[in-house]
Structure formats: structure tokens, C-alpha cells
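K.L.:
Attaching a single structure in C-alpha cells format; questions to follow.
The values are calculated or read from the model by the stated rules, or taken from the named source; none is laboratory data. Since we're looking at a predicted model, the values are computed, not measured. Ideal geometry is used to build each Cβ from the backbone, glycine not excepted, and the neighbour counts take in all protein chains shown. When the accessible area is computed, the model is the full protein with side chains, heavy atoms only, and any ligands, DNA or RNA have been set aside. Shrake-Rupley method; radii C 1.70, N 1.55, O 1.52, S 1.80 Å.
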Amino acid sequence: MRKLAIFTALSVALAAVPASAALKSGASAPDFSAQAAIGGKDFVFSLAEALKKGPVVLYFYPKSFTRGCTIEAHEFAENYDNFAAAGASLIGVSADTIETQRDFSTKECRDKFPVAADANFSVINAYDAKRDRPTQNGDTVSDRISYVVTPDGKIGLTFVSSDPIKHVSETLQFVRQWQESHKAGKI
């Protein structure tokens, strides 16, 4: 029993530690455009265009329709209005196909925000978000990493955790604080 408690405590502690490969706060965010879907409809998401409107919450997740990724999508959808009120937009990215993303954008993202298909890992690799080892069934996927990219094209926040709900609360808290600082003229 004691071993289980120690293992659980260690797992929880490690889950909140940023991966060494993730881009660091203050680094330039790689610009990208990617095929994406919102509400089941395809479009090309452009980071540069989205940044003209405010900060962008860019979150990477392993695989659409898996338990944790579905929970995360639901939480981001539930908080979509809170992000919009803070001036931020959302985009989820995984290595799934655009066909899968069309379906995921409607069912799990609830038509609120887009998800991009990155089957060739160009965006995932640019953001150092590729998982170090394949899944149990051998799939190569992205890690669960969230970034907030500020309008100046910099990484404002990097958050790495296996807890999908924390990604929503941490990025929303950062965006709200950034917005307050921006309004106060501190940024």
C-alpha cells in the first residue's frame, strides 16, 4: 500500500513538470498554417492571422476520441466563452486525419473551436510536442502540451501535464492575467 502511495505521489508530481523538449516561455512561436475543422467544416487555420485578434491557446493532444482527449475537448468547449471574453482563441492539434477532426470538432469540441490535423507531424515537431515513445498499440502521437502564444508571436506559457482539465484552467488563468497586464499597459 505504501509503495502505491509513493508511486501515485511521484506520478502526480512528474505530471506537472514541464517536459524538457517543450518550447520555453519567451521563445518565438513557430508560425504555421494547418488544415483544420470547426463544426465539421474544413478551413485552413493560420496562426499569424489568429494572433492579429489576440492570444492563441494552442493545445496538443494525443488522439481524438480517447478518454482524456475527449474530456479536454469538452472542458475547452465549456470554457470557450471565458477564453473569448479574455480575448483569446483556441486551436487543438493532433496527428489525426482531417476526416477524424471533422467529426471530433462537432461531437467533442461541440462546434465551439477548431482542431487541426497534423498527420505529418510538421506542427507537432515544430513545437516539440511529439511523445517520446509510441502508445501501447504502436501509434506515434503528440504529448499533452498547451501553449499560450501572445500576439507578438512569443510563447507566453508552456504547460505540460497528463491531466486534461488542468490544461484548461492553467491556460485560462494565464490568458486572463495577460489580458489584465495588457490593459494596464504593463505589456
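K.L.:
With +1 assigned to the C-beta of every Lys and Arg and -1 to the C-beta of every Asp and Glu, and no other charges, what is the dipole magnitude of the chain about the Cα centre in debye, to the nearest 20?
P.N.:
Values: 21 positive and 21 negative charges, 100 e Å.
The dipole of the chain has a size of about 480 debye.
K.L.:
Additional query: So who's got an amide H within less than 5 Å of the one on ASP118, skipping anything under 5 residues away but keeping other chains? H placed 1.01 Å off N, in plane.
P.N.:
Correct list: SER94, ALA95, ASP96.
K.L.:
How would segment 115-187 be classified by its alpha-carbon gyration tensor: rounded, prolate or oblate, with rounded meaning a/c under 1.5 and the a/b versus b/c comparison settling the rest?
P.N.:
Taking the square roots of the gyration eigenvalues as a ≥ b ≥ c, segment 115-187 is prolate.
K.L.:
Rounded, prolate or oblate, given the Cα gyration tensor of segment 40-175, with a/c below 1.5 counting as rounded?
P.N.:
Working: a/c = 1.39, a/b = 1.29, b/c = 1.07.
Rounded, because the longest to shortest axis ratio a/c is under 1.5.
K.L.:
Also, I was wondering about something else. Carbon and sulfur together cover what percent of the accessible area of the chain at a 1.4 Å probe radius?
P.N.:
Details: 5150 of 9580 Å².
C and S fraction of accessible area: 54 percent.
K.L.:
May I ask you to list the aspartates and glutamates whose Cα is less than 16 Å away from that of LYS24, ignoring any residue fewer than eight positions away on the same chain?
P.N.:
By straight Cα distance, LYS24 reaches ASP128, ASP143, ASP152, GLU170.
K.L.:
Rounded to the nearest 5, what % of the DSSP beta bridges within the chain are antiparallel ones? Display every interim value, and only then the final one.
P.N.:
Numbers: 20 of 28 bridges.
So the antiparallel bridges in the chain amount to around 70 percent.
K.L.:
Still on this model: With the cut-off at 1.5 for a/c, could you classify segment 17-76 from its C-alpha gyration tensor as rounded, prolate or oblate?
P.N.:
Working: a/c = 2.02, a/b = 1.06, b/c = 1.90.
Because a/c hits 1.5 or more and a/b fails to exceed b/c, segment 17-76 counts as oblate.
K.L.:
Taking the Cα centre of segment 82-137 as origin, sum charge times position over the Cβ atoms of Lys and Arg (+1) and Asp and Glu (-1), and report the length of that vector in debye to the nearest 20.
P.N.:
Working: 7 positive and 8 negative charges, 23 e Å.
Magnitude of the dipole: close to 120 debye.
K.L.:
Solvent-accessible area of ARG131, probe 1.4 Å, all protein chains present, reported in Å² to the nearest ten, please.
P.N.:
80 Å²
K.L.:
Send over a whole-number figure in Å² for the accessible area per residue of segment 116-158, probe 1.4 Å. All intermediate terms of the calculation are to be shown ahead of the outcome.
P.N.:
On the way: 2010 Å² over 43 residues.
Here the per-residue accessible area is 47 Å².
K.L.:
Straight-line reach only, C-alpha to C-alpha below 24 angstrom: list the lysines that LYS107 could link to, leaving out same-chain residues fewer than 8 apart.
P.N.:
LYS41, LYS63, LYS166
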